[in-house]
Every structure is written in structure tokens, then in C-alpha cells.
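Notes to accompany the following structure.
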Amino acid sequence: FTATGFDDPGSGPLYLQLQRRIAEAIASGRLSPGSSLPAERDMAAMTGLSRVTIRNAIQALVASGQLVQRRGSGTFVAQKVERLEQALSLLTSFTEDMSRRGKSVDSQWISRMIGAPAPEEVMALGLGADEHVVRLERVRRSDGLPLAIERASLPTTVLPDPGLVEGSLYLTLDTLGMRPVRAVQRISAANLGPRDAELLGVSPGVAGLRIERIGYLATGRVVEFTRSLYRGDAYDFAVELKLAP
Ligand code: 16G
């Protein structure tokens with residue numbers, strides 16, 4: 001970025017001119033996905049613009065999802081995501097969904113543990129006194145791109161040891177004869193907090209989708225209570241509707 005070209009009074013506010021220039025550099029590939037932007041102070045020196053102007057231009061590009069800000073490490077060009085259409089009427093696993101699309105799955109573990117259930121886990125899983133839960137917290141990635149954070153809770157009577165899950169939870173449950181055959185799913189809007197945004201490689205405050213799934217065996221026994229945060233810029237959920245009787 002150079003100091004030239006910012007003096008044309010007909011081109012609108014300075015921050016908009018800079019915003020346009022950065023957007024063009026991203027579109028043309030001169031600034032590639034994942035690359036970092038110079039610090040605000042250095043950009044001010046390069047362009048001769050004030051730090052407030054630089055900040056305004058960057059904030060606008062962060063809000064539109066073209067740039068991502070990470071606490072402590074700076075501002076980066078956002079990774080391009082291709083939106084995925086996900087059917088809502090089928091009970092599939094993340095691994096199956098991605099393999100069907102010919103994509104690789106590599107999930108990043110955040111934590112796996114056994115503990116006493118929180119009140120909402122007791123409610124959702126219908127736990128009795130003294131029952132414990134296994135908690136699996138993962139960032140689900142496909143072709144290296146983080147798409148969702150999943151926090152699954154299961155009774156230890158369903159999954160006795162969190163270490164049994166290597167890759168696919170549903171595959172593990174299948175081998176234990178505990179794979180859900182029915183589920184109730186709720187979707188609501190959520191703005192991603194700083195920690196979750198960081199895990200997903202997006203800017204804090206961007207739109208996400210909160211999805212809760214409660215999975216049942218044919219007997220009606222609850223096996224899974226999973227709370228997920230999906231990237232709002234990566235998913236379209238689709239469902240076929242029929243006429244009401
Ligand atoms: C899906 C499910 C999640 C389930 C997971 C198992 C949604 C919103 N969530 O991501 O509830 O635990 O699949 O995936 O669809 P896995 O077998 O690949 O671990």
C-alpha cells in the first residue's frame with residue numbers, strides 16, 4: 001500500500017477508499033487467504049493516512065468477513081469457504097457428511113473427560129442419581145478448514161470411556177450398539193464469542209448457528225446431547241416441506 005491516490009476528493013471518505021483498495025488486493029489474489037496485514041501503525045506510515053482511518057477500513061472488512069482479527073496476533077485475510085448445503089432430515093454424522101462430499105475430515109480435540117453432569121445434561125439425557133457423563137469437545141474440520149465446534153455429552157452407561165472415540169463418534173457408538181436412530185435437533189442464531197471465533201478462525205461477533213441434537217436409540221433411551229456452533233458463512237441447512245394434512 002502506498003500513499004498515492006488518496007487525494008482525489010471525488011472518491012469518497014478516505015477509509016472507504018482504503019477499504020476498496022484492500023478489497024481489490026484480496027480479490028486479485030495479491031493478498032492471499034491467510035496472509036497477515038501489516039500493523040495499523042505500519043499501514044499508517046505506508047499510506048500517510050491516520051490510524052483512525054486505517055482502523056475504520058479494517059473494521060468494515062472484518063464486519064464483511066473479508067478480514068479476520070485474532071487477539072494478540074493481528075489481522076489476516078479470511079480463508080475462502082465454499083458454502084455447504086446440509087440436509088436437515090437425515091440423521092448422519094459429520095464424518096459421513098464429509099466423506100459423501102469427497103472431503104477429508106480431521107477433527108481437533110479440545111477436551112475429553114468424564115465428570116458429574118451439569119443440570120442441563122441431567123435434563124437432556126434423563127440421567128439418574130450418580131450417573132456420570134463423558135464430554136467430547138472438538139473442532140470439526142474438513143479439508144483443513146474449521147467448520148464447527150461440537151460439544152457432545154453422553155452417559156457413561158452409553159460410552160464408558162472417552163478414549164474409545166478416535167475419529168467418528170457415531171462409528172464408535174455403532175460398534176457399541178449405541179448409535180442413535182432418531183434425533184431431535186434445534187437450530188438458533190448465535191454470535192460467536194472471542195474463544196469460539198478463534199477456534200473457528202473467524203472474527204469475534206460474526207454470525208454462527210447454534211445446533212442442539214438429542215439422539216435416541218429405538219428404545220427411546222437418550223444416547224447423545226450435543227451442542228454445536230456452526231460457521232454461519234459456511235452452511236446452508238435445507239429441508240423439504242410437505243403440505244400440512
Ligand atoms: C454431527 C452431529 C453431532 C454428532 C456428530 C457425530 C449435527 C448438528 N451434529 O456433527 O450431533 O455427534 O455428527 O459425528 O449434525 P462423527 O461420527 O463424525 O464424530
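The values are calculated or read from the model by the stated rules, or taken from the named source; none is laboratory data. Everything quoted here is computed from the prediction, not taken from an experiment. Cβ placement follows ideal geometry from the backbone for every residue including glycine, while neighbour counts extend to all protein chains displayed.
Exactly one of these conditions fails for Q108: (1) free of Cβ contacts under 8 Å to residues at least 12 places away in the same chain; (2) within 22 Å of D233 (Cα to Cα). Give me its number.
Answer for Q108: the failing condition is (1).
Any residue that is aliphatic (A, V, I, L, M), in contact with a Lys or Arg (Cβ under 6 Å, 6 or more places away or on another chain) and over 30 Å from A183 (Cα atoms) - is there at least one of those in the stretch 40-55?
yes
Restrict the check to the stretch 210-218 and report whether at least one residue is within 16 Å of the ligand (Cβ to nearest atom) and among the basic types (K, R).
Filtering the stretch 210-218 for residues within 16 Å of the ligand (Cβ to nearest atom) gives 210-217.
Add one more test, that the residue is among the basic types (K, R), and what stays is 210, 213.
Checked against the condition, which is being within 16 Å of the ligand (Cβ to nearest atom) and among the basic types (K, R), the stretch 210-218 yields at least one hit.
Could you pull out the residue among E240, E166 that is within 15 Å of the ligand (Cβ to nearest atom), loosely packed, with under 13 Cβ neighbours inside 10 Å and either aromatic (F, W, Y) or not in a strand (DSSP E or B) (or both)?
Exactly one of E240, E166 is within 15 Å of the ligand (Cβ to nearest atom), loosely packed, with under 13 Cβ neighbours inside 10 Å and either aromatic (F, W, Y) or not in a strand (DSSP E or B) (or both), namely E166.
L147 fails exactly one of the following numbered conditions: (1) within 11 Å of the ligand (Cβ to nearest atom); (2) without any contact (Cβ under 8 Å) to a residue 60 or more places away in the chain; (3) hydrophobic (A, V, I, L, M, F, W, C). What is the number of that condition?
The single condition L147 does not satisfy is (2).
Any chance the stretch 135-152 includes a residue that's modelled with pLDDT of 95 or more, part of a loop (DSSP other than H, G, I, E, B) and either crowded, with 18+ Cβ neighbours inside 10 Å or over 22 Å from the mean Cα position of the chain (by Cα) (or both)?
No, that holds for no residue.
Going through the stretch 153-163 one residue at a time, which ones are in a loop (DSSP other than H, G, I, E, B) and either buried (at least 20 other Cβ atoms within 10 Å of the Cβ) or of a type in the set (V, I, T) (or both)?
T156, T157, V158, L159
Keeping to the stretch 179-207, report how many residues are within 12 Å of the ligand (Cβ to nearest atom) and surrounded by 13 or more Cβ atoms within 10 Å (Cβ to Cβ).
5
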